[in-house]
Amino acid sequence: MIAMTRRAGLLGLVLALIAAPAWASVTLTFYAHPGARIRGGDLLFPHAYVHASGSLDDTGEAVDWAAGFTAKYPGPQLLLANGPGVVATPEARYVGEGKPYLRLTVSDAVYRAVRARSDWWNGPQGSLYDLRRRNCISFIADLARVAGLRTAQEPSMKPGTFLEATAALNPAAAWRETPAAPVPTSAPEPAITPAPWA
């Protein structure tokens, strides 16, 4: 009787594990590039951006999305006047070259709220670009607040400085390098020493 109850319990556990959705999560990472980045004669923008990766809990859909805010028509005219802005998707290589400052895991609802806010920045009400007051830093600051982070004072002209200060306000989300696993080494055989009481 006990054996049959155990088997039934084990079968129930196996079925529950099979039926349960796979654990998934979306990770937001906030990056910055210091100063001007030039490739192939082109100045690369944006200097601050967010990258989302992982998968959604409710659908299992894979997530690989990056966005930053920049001027639609970069140029010296932005020193004197505002212009239209655009939410740009940085290429994977550019993201890989960035320096991460913040990383946090968010719920599906928070991820969708961040995406919706990014879409707002790309719409008629949100797309004004001002080099000094409404730039790539303003964009990531807004998205960081939607994700539940406290942000440093902005706007700023230094994305790394802004993200560094924001990381200090959010120590649990501050970027940490994952330490490399120790490489096994062949240790010398321990010397056998007789116990003092022997």
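Brief remarks on what is shown
- Residue match in the range 62-84 (condition: outside any strand (DSSP E or B), at pLDDT 80 or above and of a type in the set (V, I, T)): no
- The single condition among (1) buried (at least 19 other Cβ atoms within 10 Å of the Cβ); (2) at pLDDT 95 or above that A113 does not meet is (1).
- Pairs where the first residue, in the range 85-107, is within 24 Å of N170 (Cβ to Cβ) and the second is of a type in the set (A, V, I, L, M, F, W, C) and assigned to a helix (DSSP H, G or I), C-beta under 6 Å, 6+ apart: V87/W121; Y101/L163; Y101/A167; L102/A167
- Failed item in (1) within 21 Å of A32 (Cα to Cα); (2) in contact with a strand residue (DSSP E or B) (Cβ under 8 Å, 6 or more places away or on another chain), with Q77 passing the rest: (1)
- Residue in the range 88-100 that is outside any helix (DSSP H, G or I) and farther than 16 Å from H47 by Cα present: no
The values are calculated or read from the model by the stated rules, or taken from the named source; none is laboratory data. Worth saying up front: this structure is predicted, and the values here are computed from it rather than measured. Note that each Cβ is placed from the backbone with ideal geometry, even for glycine, and that neighbours are counted across all protein chains shown.
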